[in-house]
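One structure is given here, and the rest of the page talks about it.
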Amino acid sequence: MDTGGNSLPSGSDAVKRKVCYFYDPEVGNYYYGQGHPMKPHRIRMTHALLAHYGLLQHMQVLKPFPARDRDLCRFHADDYVSFLKSITPETQQDQLRQLKRFNVGEDCPVFDGLFSFCQTYAGGSVGGAVKLNHGLCDIAVNWAGGLHHAKKCEASGFCYVNDIVLAILELLKTHEIDIHHGDGVEEAFYTTDRVMTVSFHKFGDYFPGTGDIRDIGYGKGKYYSLNVPLDDGIDDESYHFLFKPLIGKVMEVFKPGAVVLQCGADSLSGDRLGCFNLSIKGHAECVKFMRSFNVPLLLLGGGGYTIRNVARCWCYETGVALGIEVDDKMPQHEYFEYFGPDYTLHVAPSNMENKNSRQLLEEIKCRLLDYLTKLQHAPSVQFQERPPDTEIPEADEDQDDGDERWEDFNMDVDDDRKLLSGRVKREAVEAEPKELEGQRGAAEHARGSEAMADETASAKPLNTVPMQMDEVNVKVEQENVKPSDQPYPKP
């Protein structure tokens with residue numbers, strides 16, 4: 001059976017898509033701490049919905065290779081990466097100066113398994129980018145990624161490692177949506193014309209406080225950063241009024257070879273921290289619109305703090321990527337109680353006031369379209385800052401992996417590889433409406449191909465029958481694949 005996703009039935013989007021989905025069964029165990037709004041458990045909830053809706057069998061499901069120090073250092077400073085690797089809850093009191101220097105503390109706390117968490121979500125995003133670069137899929141999905149606030153030398157906004165920047169260094173093109181301005185991504189590429197960033201976000205007395213419409217890039221990068229500042233209560237119609245013409249023009253003028261779409265779910269109605277009023281279908285319409293361009297597409301997560309709605313949104317958007325309409329009635333699964341009392345996939349937007357007047361939206365649209373007229377054509381000069389193609393670790397991490405490249409594309413996993421133990425906090429599974437924080441217990445973090453205790457491992461070649469719903473672990477690729485002839489820039 002083909003592992004690619006089916007297309008939508010008709011129209012300009014009726015082209016077959018092959019979808020790769022990255023998921024690590026341990027990612028839901030990481031715990032930022034009592035009362036913290038960022039909950040990696042939402043990734044596990046999303047995965048459970050995908051399994052019980054039967055979507056996993058339509059995708060190639062992969063466990064990401066953890067990003068290594070040198071992978072992270074392609075963007076982040078060496079001393080910052082070393083700090084993330086060494087800091088623990090037990091040692092943080094001895095490194096107060098370093099904590100302050102790297103902005104690690106309240107919003108970005110030190111927790112058990114912090115560095116492994118960073119390696120996991122970054123590995124999924126870079127792995128997805130490489131899959132796209134080699135033409136092995138049309139759409140790659142990593143809902144654990146999209147942490148776009150992290151800077152070169154510091155953590156910010158619940159983000160420690162900027163996996164989007166690392167993925168863009170593979171793809172060299174980007175676009176994102178979220179309620180918060182993607183400041184870390186924009187800053188990384190502010191002076192180059194090889195990457196175009198577009199951010200739709202809440203602006204004005206709101207974290208991170210950046211993203212003014214006048215911020216358009218600098219030097220060679222002038223007009224290659226677009227900021228769409230929005231006010232409280234924006235609804236589906238108003239959002240699409242800006243999104244579709246602006247992104248349509250970006251695709252026409254910039255002609256990206258690949259797109260990174262950061263699908264932050266904090267722009268949904270009723271988010272714990274957000275203040276927008278998008279429905280899940282309205283949010284997903286942006287994914288559907290990007291999918292229609294038939295450009296290699298990397299879908300990432302990001303914000304989203306009412307976790308039952310985050311899982312709803314990313315499940316539905318995975319269906320959009322596959323071209324499968326998902327039923328509103330939710331199937332029974334292990335987190336079913338989170339979604340009461342209606343137990344449906346979609347939730348109605350609220351009646352909150354939309355402070356974005358049509359006049360204001362029209363002014364924003366006209367101004368940004370004017371900026372885009374100043375881009376004469378897609379850039380053709382090589383982006384010199386791009387590092388070599390991403391390297392991956394060999395199955396045996398005790399051996400020096402030397403200069404093995406993604407071009408070899410051997411993603412074989414040795415089931416007998418050693419476990420690298422790291423303590424992580426497990427968040428108890430409790431119904432979110434009660435806003436109860438779960439008890440924390442230690443769980444061993446496996447970086448090999450072993451699944452969690454109640455899940456079975458699978459080891460299947462690339463082109464065999466796809467995973468069944470109850471198989472949580474990932475497929476194993478067992479063939480060498482030559483790089484595709486797609487016109488991606490090379491160093």
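The values are calculated or read from the model by the stated rules, or taken from the named source; none is laboratory data. Worth saying up front: this structure is predicted, and the values here are computed from it rather than measured. Glycine gets a Cβ as well: all are built from the backbone with ideal geometry, and neighbour counts include every protein chain shown. The protein model used for the area step is the full one, side chains on, heavy atoms only, and it has no ligands, DNA or RNA in it. Shrake-Rupley method; radii C 1.70, N 1.55, O 1.52, S 1.80 Å.
For the reader, a short list of remarks on this structure follows.
- Residue count for the stretch 307-337 under the criterion of being among the polar types (S, T, N, Q), open to solvent by 10 Å² or more (accessible area, probe 1.4 Å) and touching a strand residue (DSSP E or B) at 6+ places or on another chain (Cβ under 9 Å): the result is 1.
- Of all residue pairs spaced 6 or more apart or on separate chains, those with beta-carbon atoms under 9 Å, a first member in the stretch 355-376 that is within 18 Å of Asp232 (Cβ to Cβ) and free of Cβ contacts under 8 Å to residues at least 40 places away in the same chain and a second member that is in a loop (DSSP other than H, G, I, E, B) and open to solvent by 20 Å² or more (accessible area, probe 1.4 Å) are Ser357/Asp231.
- Among residues of the stretch 125-151, those that are of a type in the set (Val, Ile, Thr) and open to solvent by 10 Å² or more (accessible area, probe 1.4 Å), counted: 1
Rundown of residues vs (1) open to solvent by 20 Å² or more (accessible area, probe 1.4 Å); (2) closer than 26 Å to His333 by Cα; (3) touching a residue at least 12 places away in the same chain (Cβ under 8 Å); (4) assigned to a helix (DSSP H, G or I), yes/no style:
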| residue | (1), (2), (3), (4) |
| --- | --- |
| Met38 | no, yes, yes, no |
| Arg42 | no, yes, yes, yes |
| Thr46 | no, yes, yes, yes |
| Leu50 | no, yes, yes, yes |
| Gln57 | yes, yes, yes, yes |
| Asp71 | no, no, yes, yes |
| Lys100 | yes, no, no, yes |
| Tyr121 | no, yes, yes, yes |
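- The requirement of being of a type in the set (Lys, Arg), at pLDDT 95 or above and surrounded by fewer than 23 Cβ atoms within 10 Å (Cβ to Cβ) is fulfilled somewhere in the stretch 228-244, by at least one residue.
- Only one of the numbered conditions (1) open to solvent by less than 10 Å² (accessible area, probe 1.4 Å); (2) part of a helix (DSSP H, G or I); (3) in contact with a His (Cβ under 8 Å, 6 or more places away or on another chain) is violated by Ser116, and that is (1).
- Counted residues, the stretch 262-297 - those being acidic (Asp, Glu) and open to solvent by less than 10 Å² (accessible area, probe 1.4 Å): 1
- Which numbered condition Ala284 misses (of (1) under 18 Å from the mean Cα position of the chain (by Cα); (2) under 16 Å from Ser199 (Cβ atoms)): (2)
- Residues of the stretch 82-115 classified as touching a strand residue (DSSP E or B) at 6+ places or on another chain (Cβ under 7 Å) and among the small types (Gly, Ala, Ser), total: 1
- The stretch 16-36, subset at pLDDT 95 or above and outside any loop (DSSP other than H, G, I, E, B), residue farthest from the chain's Cα centre (by Cα): Asn29
- Positions within the stretch 73-95 being within 20 Å of Glu187 (Cα to Cα) and part of a helix (DSSP H, G or I), in sequence order: Asp78, Asp79, Tyr80, Val81
- Considering residues of the stretch 365-380 that are under 22 Å from Leu172 (Cβ atoms) and open to solvent by 80 Å² or more (accessible area, probe 1.4 Å) only, the residue modelled with the lowest pLDDT: Ser380
- Odd one out for Asn351, checked against (1) of a type outside the set (Asp, Glu); (2) open to solvent by less than 50 Å² (accessible area, probe 1.4 Å); (3) out of contact with any Ser or Thr (no Cβ under 9 Å at 6 or more places or on another chain): (2)
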